[in-house]
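Enquirer: Could you have a look at this structure, given as structure tokens, before my questions?
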Amino acid sequence: MKPLSIKGIFFFTLFSVTTITLFSQEKPRLIVRSDDMGAFHSVNVACIEAYKKGIQTVVEVMPVTAWFPEAARMLNENQGIDVGIHLAITSEWENIKWRPLTYCPSLTDENGYFYPMINPHNAYPGQSILENKWDIDEIEKEFRAQIELTLKNIPQASHLSGHMGALRFDPKVLELAHKLAREYNLTFVESDDLRQKYNTTSVWYDGSNETDKKEAGFVSMLNKLEAGKNYIFVDHPALDNDEMKTVGHIGYEWVAEDRQGVTDILTSEKVKQTIKEKGIELITYNDLTKALPRSTPEAEKVSAKGIRNYLDAVKKSGQDLHSIMILRNGKVVAEHWLGEHAANKPHIMNSVSKTYTATAIGFAVSEGKLNVTDKVISFFPDKLPSDISQNLKDLEIKHLLTMSVGHDPNAVREKTRNNDDWVEAFLAEPITEKPGTQFSYNSLATYMLSAIIQKVTGEKLIDYLYPRLFRPLGIVGARWEECPQGINIGGWGLYVKTEDMAKLGQFFLQKGKWKGEQLLPESWIVEATTSHIASLPAGIKKEDLKIKPDESDWLQGYGYQMWRSRHNGYRADGANGQFILVLPEKEAVIVTTANIGDMQAELNLIWEYLLPAIK
């Protein structure tokens, strides 16, 4: 079912229209995929150009190729691209070859290069995989090496595909592809069941695909796409330059000209205009396979009128809301982005970052890497001050999690301005209160959690989260700022999309379970969302408090980098109105991004209008 489009609601609300528009017909949805990034410099340049200036949404990268390091750098600089790992056991070109990452003699010729073909080819007699005694164990070893090299360098990669049919030429290889996809939390995008489950159809140029006819054939294909269906287009962009003019194999010698033609159509103004006119939605594999399910407000017993009234109130109050997403029963029932903000654009999380950091601590605890009672000084013996106070000796990870370190967080923050070593600055600040006794909002405490994760795992916080949380939930393209020492900041600096926030909220609502699998123990979720200490708004001292507990969402207690909320909810909370609000009694999650200084006023409108709208 198509969700209620708040975009429609908001438009009509501005003009005081009392009806709510539901879209009865969906758009055609199209994945535009480019293959073989990493094979050549000109392919790398063309793929990035097709993304930044054109319609490409997905790129497949080949880790065995010479230009893979450059491809990895480019893809990390352009994280909006959905990246696939293009597993290869062939090397088809005449003047350039690639070798395996492992020792696999059953897959290589006498020079140690991959054979040029999977299937027998008249131009290359005896030089195909199927004409030689390939070994499934060697294929598995090689595929694992390619996957692990890619994930090491491009952790946001979301799926698996095969170069020249590398994953589908034999049932045993196909079974292996499914196994590896499950093990590494990657989607296998060439599986038959995926095509059936998501109603996908592969499309090609309508008519000739000769270079001078590509644009006409592509536009003709676009005009035939039908609403409510998903389509996949795959081709190989490159540049017609001296590098590509050296590339070819028997039967395909015009590579440079042909692949420049692909780049041209992927960046064509006529093509982009046709997509706009036809209302075609450009999507990724991640959008297709790992998006949250959609429903309507009515189906999930949410009042569309209540949503409309909320948006009216937001407008009248002058609140600068950037996006909102409402989930009920695990399904998105309303979503909207305002101004220049969009579904595919990451947003600054501010202190919502803290909840992601604490979740990483939960994974580390579940894996036996640490305990919340571990002493903080035990992780940094080389960073300690000359005089180690008893309070510093007593400081535990739990005190970092609950914002109860016992020192002045403003003083620590000031010291980091003049010290590139934030860990050293944190540990040097005198702890005047016994840890665990007083709440004082402390973003550098969360930074210390990130530093501990990096210390015990050897990975940056974001890299540690990718296989455990991000890839299973389909969170790709996340970015996290770092301190001068190369540690993810932890307490702030994370950028993710609105739906990524909603996925984390739903993950907590489901007590650490996702698609039937318990990723994080339920006990951790319960502990993290339970109030461990009486809380105060950031920067406010208890003696200066002038509001009553029932009037403030910042006086409901604090868990592990999560605030308790009124109405028996809890939330991830970031400055200027970033919220992941979880309401267990309503089986609901409400997510906002914003630039709203008065965050209590923002929550008040949610409580006044959206809470009663969820029946």
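Enquirer: Within the P(r) computed for the range 189-310, what percentage of the Cα pairs occupies the region above 20 Å?
Expert: Details: 4364 of 7381 pairs.
Tail fraction, whole percent: 59.
Enquirer: For the range 93-169, state what percent of all Cα-Cα pairs lands in each successive 10 Å bin, counting from 0 Å until the bin that includes the largest distance.
Expert: Result returned by the calculation: 17, 50, 28, 6.
Enquirer: Taking only C-alpha pairs under 8 Å that are 6+ residues apart, what is the relative contact order of the range 216-337 in percent? Walk me through the numbers on the way to the answer.
Expert: Working: 93 pairs, mean separation 23.2, N = 122.
Once normalised by length, the contact order is 19 percent.
Enquirer: I'd like the accessible area for Ser523, computed on protein heavy atoms only with a 1.4 Å probe and all protein chains in place. Round to 10 Å², please.
Expert: The value for Ser523 is about 80 Å².
Enquirer: Going by accessible area, probe 1.4 Å, with all protein chains left in place, what is the ranking of Glu499, Glu522, Glu459, largest first? Don't skip to the end; give the middle numbers.
Expert: Details: Glu499 30, Glu522 95, Glu459 65 Å².
Reading off the accessible areas and sorting them downward yields Glu522, Glu459, Glu499.
Enquirer: Points 7 angstrom from Cα along the Cβ direction at Ala411 and Phe380: gap in nanometres?
Expert: Once both label points are built, they end up 1.6 nm from each other.
Enquirer: How fast does the chain diffuse by Stokes-Einstein, in µm²/s, taking the Kirkwood radius from C-alpha pairs at 20 °C and 1.002 mPa s?
Expert: On the way: Rh = 26.4 Å.
So the translational diffusion coefficient is about 81 µm²/s.
Enquirer: Could I have the simple spin-label model distance between Ile388 and Glu210, label points 7 Å from Cα toward Cβ, reported in nm to one decimal?
Expert: That separation, rounded to one decimal, is 7.9 nm.
Enquirer: Classify the range 135-180 as rounded, prolate or oblate from the Cα gyration tensor: take a ≥ b ≥ c as the square roots of its eigenvalues, call it rounded if a/c is under 1.5, otherwise prolate when a/b beats b/c and oblate if not. Kindly include the intermediate steps, with their values, before the conclusion.
Expert: Values: a/c = 2.25, a/b = 1.65, b/c = 1.36.
Verdict is prolate for the range 135-180.
Enquirer: A further question follows. May I ask you to derive the relative contact order of the range 537-591, considering only C-alpha pairs under 8 Å and at least 6 residues apart, and to give it as an integer percent? Before the final figure, lay out the partial values.
Expert: Working: 65 pairs, mean separation 10.1, N = 55.
Computed value for the range 537-591: 18 percent relative contact order.
Enquirer: How many percent of DSSP beta bridges within the chain run antiparallel, rounded to 5? If you can, show how the numbers build up before the last one.
Expert: Working: 39 of 69 bridges.
Antiparallel: roughly 55 percent of the beta bridges in the chain.
Enquirer: Okay, moving on. If the chain between Trp514 and Lys152 were fully stretched, how many nm would it gain, using 0.36 nm times the residue separation less the Cα-Cα distance?
Expert: Working: separation 362, 0.36 × 362 = 130.32 nm, distance 2.41 nm.
Between Trp514 and Lys152, full extension yields 127.9 nm more.
Enquirer: Over the chain, calculate the relative contact order: mean separation of alpha carbon pairs under 8 Å at least 6 apart, over the residue count, as a percent. Provide the component values of the computation, followed by the final result.
Expert: Working: 1215 pairs, mean separation 88.8, N = 615.
It comes to 14 percent, rounded to a whole number.
Enquirer: Can you give the direction-averaged projected area of the convex hull of the alpha-carbon atoms in the range 160-232, in nm²?
Expert: Numbers: hull surface 25.0 nm².
About 6.3 nm², averaged over all directions.
Enquirer: How large is the dipole of the range 385-536 about the Cα centre if only Lys and Arg carry +1 and Asp and Glu carry -1, each at its Cβ, rounded to the nearest 20 debye? Could the numbers behind the result be given before it?
Expert: Details: 16 positive and 19 negative charges, 121 e Å.
It comes to approximately 580 debye.
Enquirer: Can you tell me the orientation of helix 498-509 relative to the chain, as the angle in degrees between its alpha-carbon axis and the longest Cα principal axis, to the nearest 10?
Expert: 60
Enquirer: Which of Asn329, Pro63, Leu225 sits farthest toward the positive end of the charge dipole of the chain, with +1 on the Cβ of Lys and Arg and -1 on the Cβ of Asp and Glu?
Expert: Positive-most Cα among the choices belongs to Asn329.
Enquirer: Scan around Thr187 for amide H atoms under 5 Å from its own, H built in the peptide plane at 1.01 Å from N, and keep only partners 5 or more places away or cross-chain.
Expert: His159, Leu160
Enquirer: From zero outward in steps of 5 Å, how is the percent of C-alpha pairs of the range 288-381 spread across the bins?
Expert: Going out from 0 Å in 5 Å bins, the range 288-381 shows 2, 10, 13, 14, 16, 13, 9, 7, 8, 5, 2, 0 percent.
Enquirer: Helix 269-278 against the longest principal axis of the chain: what's the angle in degrees, Cα atoms only, rounded to the nearest 10?
Expert: Once rounded, one gets 60 degrees.
Enquirer: Hey, could you grab the Kirkwood Rh for the range 59-108? Inverse mean 1/r over distinct alpha carbon pairs, Å, one decimal.
Expert: The answer is 12.3 Å.
Enquirer: By the gyration tensor of its Cα atoms, with a ≥ b ≥ c the square roots of the eigenvalues, what is the shape of the range 483-580: rounded for a/c under 1.5, prolate for a/b over b/c, or oblate? Don't skip to the end; give the middle numbers.
Expert: Details: a/c = 1.95, a/b = 1.32, b/c = 1.47.
Taking the square roots of the gyration eigenvalues as a ≥ b ≥ c, the range 483-580 is oblate.
Enquirer: Give me the percent of accessible area attributable to carbon and sulfur for the chain, probe 1.4 angstrom. It would help to have the intermediate numbers written out before the result.
Expert: On the way: 12120 of 25390 Å².
About 48 percent, which is the carbon plus sulfur part of the accessible surface.
Enquirer: Something else now. With N residues in the range 545-615, what two-decimal value do you get for its Cα radius of gyration over 2.2 N^0.38 Å? Show your work: numbers first, answer last.
Expert: Numbers: Rg = 11.6 Å, N = 71, 2.2 N^0.38 = 11.1 Å.
So the range 545-615 has a normalised radius of gyration of 1.04.
Enquirer: Also, quick follow-up: Tell me whether the range 23-153 comes out rounded, prolate or oblate; compute the Cα gyration tensor, take square roots of the eigenvalues as a ≥ b ≥ c, and use a/c under 1.5 as the rounded threshold.
Expert: Values: a/c = 2.03, a/b = 1.78, b/c = 1.14.
The shape class here is prolate.
Enquirer: Send over a whole-number figure in Å² for the accessible area per residue of the range 117-216, probe 1.4 Å.
Expert: Numbers: 5000 Å² over 100 residues.
Per-residue accessible area for the range 117-216 comes out at 50 Å².
Enquirer: Sticking with this structure for a sec: Taking the solvent-accessible surface of protein heavy atoms with a 1.4 Å probe, what is the per residue accessible area of the range 490-589 in Å²? Please list the in-between numbers first.
Expert: On the way: 4050 Å² over 100 residues.
That works out to 40 Å² for each residue.
Enquirer: With respect to the cross-link table entries Lys213/Lys345; Lys331/Lys546; Lys224/Lys245; Lys141/Lys290, which display a Cα-Cα separation exceeding 32 Å? Spell out each step's value before the answer.
Expert: Numbers: Lys213/Lys345 34 Å; Lys331/Lys546 39 Å; Lys224/Lys245 34 Å; Lys141/Lys290 28 Å.
Violating the 32 Å limit, Cα to Cα: Lys213/Lys345; Lys331/Lys546; Lys224/Lys245.
The values are calculated or read from the model by the stated rules, or taken from the named source; none is laboratory data. As the structure is a prediction and not an experimental result, all values here were calculated from the model. Note that each Cβ is placed from the backbone with ideal geometry, even for glycine, and that neighbours are counted across all protein chains shown. Heavy atoms of the whole protein, side chains included, go into the accessibility calculation; ligands, DNA and RNA do not. Shrake-Rupley method; radii C 1.70, N 1.55, O 1.52, S 1.80 Å.
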